[in-house]
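Structure record follows, encoded as structure tokens.
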Amino acid sequence: MAVLAWRGPQDNTVSIIQTTHLYHRFADDTQGLCDVSLAFNEGEFTVIAGANGSGKTTLLRHLNGLLLPESGAVTVCGKSVEEDPMAARQQVGMVFQDADSQIVGETVYDDAAFGPENLALGRLQINRRVTRALEAVDLCGFENKRPHHLSGGEKRRLAIAGVLAMAPRVLLMDEPFSNLDYPATCLVLDQILNLHSNGHTIIITTHDLEKVVAHAQRLVVMADGRVVEDGLPTEVIDGVARYGIRPPCSVQLGKGIRPWMS
Amino acid sequence: MDELSTIGFAPGQSPLHQLDPRTKQALLMGLSAISPWGRLTFLVSLSVVILLSFRAAGIRLSRLIGDIRYFLLFLLFVFVVRTVTFSGGWIPNISVELAGEALMVCWRLLMVVSMGALLMATTRAADIRAALVWYLKPIPVVDEKMAATMVGLVVRFLPVILFQAAEISDAQRARGIERRKNPLSRLMIFSLPLFRRVFLSADELVAAMQARCYSEHRTLPDLSFSRHDGLAIGAGILISLTVLFP
């Protein structure tokens, strides 16, 4: 599989994250990832699909430096994640599947400020970043609310704000639509599309392609810790069922990929 | 996940919310330290102030009682142990004098716990942590940032653990746990899933904190004393002076 190299911000095509022959084995000897070589370009919207246990979340955690490879390498902006995980985490923000486990602050403000405080920024700058991040996800006016009183969709948006406040270039989202009702899913999807149109690189993992695949520029399919398909969604979508992924209804009806949200 | 517990922070604008966390910690430590010498006047004055503070902070007493119900059972146990004596036989003796002393002990303990609950309900964990760093900084052998982080995490986690415990308890009652009469077996059945969930949550929380570049050298909240802090310290000294009265 061809892997694009990091060529610096001046070049036209830039792979901001790159994994090379990445392997990961869990403590119980299960193979989590097997020979994963991928390059993600700046500004790209990628969906990584796969059944449960296919290695999607494990891969995301490698991109953010939360897991380190058994062998192989991960680089962010040309720098090895293993050598400097903190630098990788500043560039690559991760939104966890369970928003509750990501919420650290007692109020919405505290939680959004957690990341910038860790970067030891000044209080004024922290306030500016928090305001901007909460605006980006439509949570202005919620600053003094307790996060645990928010709805599922609001919590998910707060989790995104908490990452945005760190001003990352890449947003990793692990199953961002799980446990959300229809209106909340629409809002979160809308926010994600806005972030992408503002220049963020977006990488989303999901086992449910229906909601997001129409907006993706690239579809990566994983099975048993390996990348089994990688390409344009229109090229890859027809074969996803054999990896335990349900194709969108429009594809099943032979109408090709259609946006889920009108 | 509705109201977590009284022991978790509840945002507000009450006078207690506006006090500097260092003042609140100083009052908690000072009043707790002198409480063993406090008699009826001290305990009544302190109780009145604490009740008014709970009211001002918008915390319902029924919630507090619910949250500390196991501690109240412990106090009942302490009261019984200190009141009932067995002098030379199996027949228990109950002395009014001992009961009075036991009541004082339990009342003091209840005041200390109530003050702690007030502090946690009206102060962000980040502020508690910043105040602790300020207090520990002059002590040479203590790594103040590490100690404050550990305390901050306990404060952050306590309401979550209480919530998980309540959820597990509800789930077990829904499947008729009351029909098991052996308290040891019930304790085992309750504590195993609780520990498993607490450890899993702790792992997830650590990953989430790492993902957002957690470090000990982070920006702490700005702390500043105001006129209200002076008034609160003054009130604290007045209450402390009541230990001189019976």
Under a point spin-label approximation (7 Å from Cα along Cα-to-Cβ), what is the A:D181-A:E83 distance to one decimal in nm? 5.1 nm
Mind checking region A:210-262 for trypsin sites (Lys or Arg not before Pro) that DSSP puts in a loop (not H, G, I, E or B) and that have at most 15 other Cβ atoms within 10 Å? A:K255
Using eta = 0.692 mPa s and T = 37 °C, Stokes-Einstein with Kirkwood Rh from Cα pairs puts D for region B:125-220, in µm² s⁻¹, at 207 µm²/s
Looking only at A:A241, A:A51, A:A223, which one moves most when chain A is put into a Gaussian network model with springs between Cα atoms under 10 Å? A:A241
Residues of region A:236-262 with the amide nitrogen closer than 12 Å to a label point 7 Å from the Cα of A:H207, along Cα-to-Cβ, please. A:244-246
DSSP-loop chymotrypsin sites (Phe, Trp or Tyr not before Pro) across region B:16-86, with at most 10 other Cβ within 10 angstrom: B:F86
Rg to Rh quotient for chain B, alpha carbon positions, Kirkwood Rh: 1.01
Sorted from fewest to most neighbouring beta carbons within 10 Å, what does the list A:D28, A:D110, A:D35, A:D174 look like? A:D28, A:D35, A:D174, A:D110
Cross-link table A:K155/B:K145; B:K24/B:K137; A:K145/A:K211; A:K145/B:K145, entries beyond 21 Å C-alpha to C-alpha: A:K155/B:K145; A:K145/A:K211; A:K145/B:K145
Which residues make up the longest stretch of chain B that has no trypsin sites (Lys or Arg not before Pro) in a DSSP loop with at most 10 other Cβ atoms within 10 Å? B:1-174
What number, in nm² with one decimal, is the all-direction average of the projected area of the convex hull of the alpha-carbon atoms of region A:57-168? 7.2 nm²
Would you mind telling me the antiparallel percentage of the DSSP bridges in the protein assembly as shown, rounded to 5? 50 percent
Do any chymotrypsin sites (Phe, Trp or Tyr not before Pro) in region B:173-231 lie in a loop, going by DSSP, with at most 15 other beta-carbon atoms within 10 Å of their beta carbon, and if so which? B:F225
Please give the Cα centre distance for region A:66-100 versus region B:184-246, rounded to the nearest Å. 30 Å
Binned at 10 Å starting from 0, the alpha-carbon pair-distance distribution of the protein assembly as shown in whole percents comes out as 4, 16, 23, 22, 16, 10, 6, 3, 1, 0
Treating cross-link reach as a plain straight distance, find the aspartates and glutamates whose alpha-carbon is under 19 Å from the alpha-carbon of A:K255, omitting any fewer than eight places away in the same chain. A:D208, A:E210, A:E235, A:D238
For A:Q217 and B:E178, what is the calculated FRET efficiency with R₀ set at 60 Å and r taken between the beta-carbons, to the nearest 0.05? 0.60
Given the C-alpha centroids of region A:183-258 and region A:105-128, what is the distance between them in whole angstrom? 33 Å
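Laboratory data are not the source of any read-out in this text; all were calculated from the coordinates shown. None of these values were measured; they are calculated from a predicted model. Glycine also receives a Cβ, built like all others from the backbone with ideal geometry; neighbour counts cover every protein chain displayed.
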